[in-house]
Every structure is written in C-alpha cells, then in structure tokens.
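The values are calculated or read from the model by the stated rules, or taken from the named source; none is laboratory data. Bear in mind the structure is a predicted one, so any value in this text is a computation, not a measurement. All Cβ positions, even for glycine, are placed from backbone atoms using ideal geometry, and neighbour counts span all protein chains on display.
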C-alpha cells in the first residue's frame with residue numbers, strides 16, 4: 001500500500017457532496033474530506049459549483065489519520081480539475097469585503113425565516 005505524506009498532491013474520486021464539504025475516495029483503504037473552507041480562497045456558496053459526484057480530481061493532503069483511514073484535503077491552491085499542479089496563491093484586494101457586504105443581508109433573511117416559522 002502506498003505511503004502518503006502531508007503536502008502530497010493525490011488523485012481521488014468525488015464520492016459525496018454535503019453543504020460543508022466534499023467526500024472523496026482515495027483508494028480501497030483511505031477516504032477523505034475537503035472542507036468547504038479548503039475548496040477556494042473565495043467565498044463558496046455551493047460546493048456543487050466546483051465538483052460533481054463521480055468526478056476524478058486532484059487534492060493536497062493536509063493531514064492523515066491512519067487510525068480511521070481518513071485524510072483532510074484541500075483543493076484551493078491547486079489545479080484540482082486537470083493536473084494537480086500547485087498554483088501561486090492569488091492575493092485579492094477583496095479579502096473579506098464580500099462577507100462584510102452580504103452578512104447584514106444574510107442575517108436579515110435568516111431572522112425573517114425564523115420569525116415566519118414562529119408564526120406557524
């Protein structure tokens with residue numbers, strides 16, 4: 001069985017998608033999770049916009065749990081769809097600007113949703 005190392009870029013297959021991240025199958029022994037925060041340096045509204053179940057992608061190993069045969073992975077700084085080659089991190093002037101602009105809107109939407117449920 002291949003020995004994996006943190007920092008290594010590996011090929012894997014998307015086996016499931018949840019709102020919080022992507023599950024991948026690495027081989028018969030290991031599975032992995034790409035948390036939503038490790039999908040992109042930009043705000044990720046929906047992981048489905050990046051990968052599809054059954055798709056083969058590349059991912060970078062962040063940590064390895066040999067007891068549970070699980071890996072934490074990242075695709076945000078690599079060309080995950082094609083070659084797995086690491087990309088230079090892109091420094092944006094946006095930073096948290098999108099979050100700052102949208103947070104009040106999202107909070108208002110959630111408060112309205114909660115108040116609607118209370119009326120029922």
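Listing for the model above:
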read-out	value
Filtered residue count, the range 58-70, keeping only those that are surrounded by 14 or more Cβ atoms within 10 Å (Cβ to Cβ) and over 13 Å from the mean Cα position of the chain (by Cα)	3
The range 21-57 - residue that is under 30 Å from residue 106 (Cα atoms), free of Cβ contacts under 8 Å to residues at least 24 places away in the same chain and in contact with a strand residue (DSSP E or B) (Cβ under 7 Å, 6 or more places away or on another chain) and, of those, surrounded by the most Cβ atoms within 10 Å (Cβ to Cβ)	36
Total residues in the range 1-50, condition touching a helix residue (DSSP H, G or I) at 6+ places or on another chain (Cβ under 7 Å) and under 12 Å from residue 75 (Cα atoms)	5
Any hit, the range 99-114, residues being surrounded by 14 or more Cβ atoms within 10 Å (Cβ to Cβ), out of contact with any strand residue (DSSP E or B) (no Cβ under 7 Å at 6 or more places or on another chain) and modelled with pLDDT of 85 or more	no
